[in-house]
Amino acid sequence: FGEKKLEAGKYTLFAMPSDQQWLLLINKKTGIWGTEYDPSADVLRVPLTVESLPEHVEKLTLSVSPTADGGGVLSIEWEKTKAWVGFKME
């Protein structure tokens, strides 16, 4: 994710929206509910690019799309907002 490396494994993803900068929080605790967030267990905090969508997305949607360079894009869409970040595979 940019210059940040994430080791293979299982993680929980959280998104932290704000007016200044959205963050993708990659947390080493798994099998937890969203209200059990422990910031000390974050492995990475990655800035997300945020844009408005032309149409309303009813269901929260997470998707991974491959890119030509062997990496991909992780996208989160909900209501009229899309937040995304690119990544590369080693």
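The values are calculated or read from the model by the stated rules, or taken from the named source; none is laboratory data. If you're wondering where the values come from, they're calculated on a predicted model, not measured in any experiment. We place every Cβ from the backbone using ideal geometry, glycine too, and count neighbours over all the protein chains shown. Only protein heavy atoms, including side chains, enter the accessible area calculation; ligands, DNA and RNA are left aside. Shrake-Rupley method; radii C 1.70, N 1.55, O 1.52, S 1.80 Å.
What accessible surface, in Å², does a 1.4 Å probe find on ASP38, ignoring ligands, DNA and RNA and rounding to the nearest 10?
Near enough 40 Å² of accessible area.
Roughly how many nanometres apart are two label points built 7 Å out from the Cα toward the Cβ at LEU6 and LEU62?
Output for this residue pair reads 0.9 nm.
With a 1.4 Å probe and every protein chain left in place, work out the accessible area per residue of segment 26-77 in Å², rounded to a whole number.
68
Give the carbon-plus-sulfur fraction of the accessible surface of the chain in %, rounded to a whole number; probe 1.4 Å, heavy atoms of protein chains only.
Here it works out to 55 percent.
Restricting to Cα pairs below 8 Å that are 6+ residues apart, what does the relative contact order work out to for segment 5-75? Please round to a whole percent.
22
Please work out the ratio of the alpha-carbon Rg of the chain to 2.2 N^0.38 Å and round it to two decimals.
The chain yields a ratio of 1.11.
Under a Cβ-only charge scheme (Lys and Arg +1, Asp and Glu -1), can you give me the dipole magnitude of the chain about the Cα centre, in debye to the nearest 20?
Magnitude of the dipole: close to 240 debye.
Using a cut-off of 14 Å between alpha-carbon atoms, which aspartates and glutamates can reach LYS88, once sequence neighbours fewer than 8 places away in the same chain are excluded?
GLU3, GLU7, ASP69
May I ask you to list the chymotrypsin sites (Phe, Trp or Tyr not before Pro) in segment 1-35 that are in a DSSP loop and have at most 14 other Cβ atoms within 10 Å of their Cβ?
TRP33
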